[in-house]
Each structure stands twice: as C-alpha cells, then as structure tokens.
Amino acid sequence: MTVKTIIFTGNLCSGKSTAQNYFEKKGYECTDADRIVKHVILSNLRTVIRRFPEFKLLRFQARKSISNTDQKKIFANITDKVFRDRKLLLRWEKFVHKAVYKELNKNRLSSKNHKLRLLFIPLYFESHMRLKGTKVVLIFAKRELCLKRAFKKNVNFAKERLERQFDFEKTFPHVDFVVFNNHRKKDFLTALRMLEDILFKNID
C-alpha cells in the first residue's frame, strides 16, 4: 500500500503542536522532528560532546542515567549556548538537520493500516531538506502573534529564534497548502478539519 507523506512546517508558536495533537487524536501516524532531535542527542550524548566542546558542561550528564529533569537541563543548556553564538548555531543546525533527515528516511510506520504519514518539521525550509513524494503544509501565523504566544509560554530565546526563521509569507508559492492560525483556536481547528478532508480525498 502506498503511503503518502505530508510535511507540516511553520514558525515558532504558529500552531504546529495544536495541529499535531489534532491529527494524533484522529489516529494518524505523526512524527515530530523535535522529538527526533531529542532522541538523537540523548542517545549520542558523548558524540555530541566530542563534536561540540562548547557543551562541556554536559559531560557530567553523559556519565549517568538521564532523568526528565536532567533532560530539561541538557536542552536548556544547548539552547542557551547555540542562540548566543551564531557560528555555533550554524554548526549545530547542520548536525541536527542531517540526523533528522536520516531518521525520516527510514520511513517507519507503527501501523500498516495508515495511508498518511504526517511529519512535523519546524525548520523544513531552513534545513534545505527535501523528501521525495511529499506534500508540504504551512501553518501560518503573523510573526508578532507568534512572538506574543511564545512569551506567554515562556519560550527561551523566542525573539532570537523567530528572527532566525524564514519569512514564511515568501514560501507561499512553494507549499501545497497554507493553514492560517491568526484568530480563534476554533477557527484553526475548523481549517484543520477541511485540510483533513482534502488530504484524504487525494489519496490514491
């Protein structure tokens, strides 16, 4: 059975997590690139430390089992480092994008009955990652609204992260669908239901 792959991307706090939660509750196979990144880092912490001496403070964590609290500290430390050093950020993104691309190309599905595989990749355009046979959905919200949401959620380095991301309005011609999330959550969920109908109608 042919499995259609749909990539969801968008700005920080544009609504990707809400979309993922919606589709997961519907029973779709969803893969979150951020979760892949965390898995890669935690599984290869010693390699990460060797490649990035800037993260030397993580050496202690690599010597013991990692609790949920430790995980938060690790990723907070990495975020703090990479967004203070542009050269480090570029090296880090290159490493992360390669790891994510490798995982995504494994094309694993937990259920043979799914005809759709949904990938949530925040930095899809920045990574220059292109997967064959895919459709791209852009979750779009105005940058000032994303920043407001990020501050409300206490997202670290929200302004710096948004400044690093694409001007997503310029990507409109390069995506297959745009779902707007500039108003009420109710309106956004309605748009997702409409998108769901379209995606299923186009399955071979």
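Values in this text are rule-based calculations from the coordinates and carry no lab data. These numbers come from a predicted model, not from an experiment. When we count neighbours, we look across all protein chains shown, and the Cβ atoms used for this are built from the backbone with ideal geometry, even at glycine.
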Would you please give the residues with an amide H less than 5 Å from that of Thr5, counting only those at least 5 places away or on a separate chain, with H modeled from the backbone geometry?
-> Arg117, Lys135
Of Lys72/Lys115; Lys81/Lys186; Lys153/Lys186; Lys56/Lys135; Lys72/Lys170, which sit over 28 Å apart, Cα to Cα?
-> Lys72/Lys115; Lys81/Lys186; Lys56/Lys135; Lys72/Lys170
In order through segment 37-46: 3J(HN,Hα) via Karplus (6.51 cos²θ - 1.76 cosθ + 1.60), integer Hz, x for Gly, Pro | 4, 4, 4, 4, 5, 5, 7, 10, 4, 5
Phi-based couplings in Hz for segment 138-152 (Karplus 6.51, -1.76, 1.60; Gly and Pro marked x) = 9, 8, 10, 9, 4, 4, 5, 6, 4, 5, 4, 5, 5, 5, 5
List every residue whose amide H lies under 5 Å from the amide H of Phe140, counting only residues 5 or more places away in sequence or on a different chain, with H placed 1.01 Å from N in the peptide plane.
-> Val179, Phe180, Asn181
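Around Lys94, under 12 Å between beta carbons, what's the net of Lys plus Arg minus Asp minus Glu among the other residues? Intermediate values should be presented prior to the final figure.
Numbers: positive: Arg51, Lys87, Arg91, Lys98; negative: Glu93, Glu126.
Spelling it out: positives minus negatives among the neighbours equals +2.
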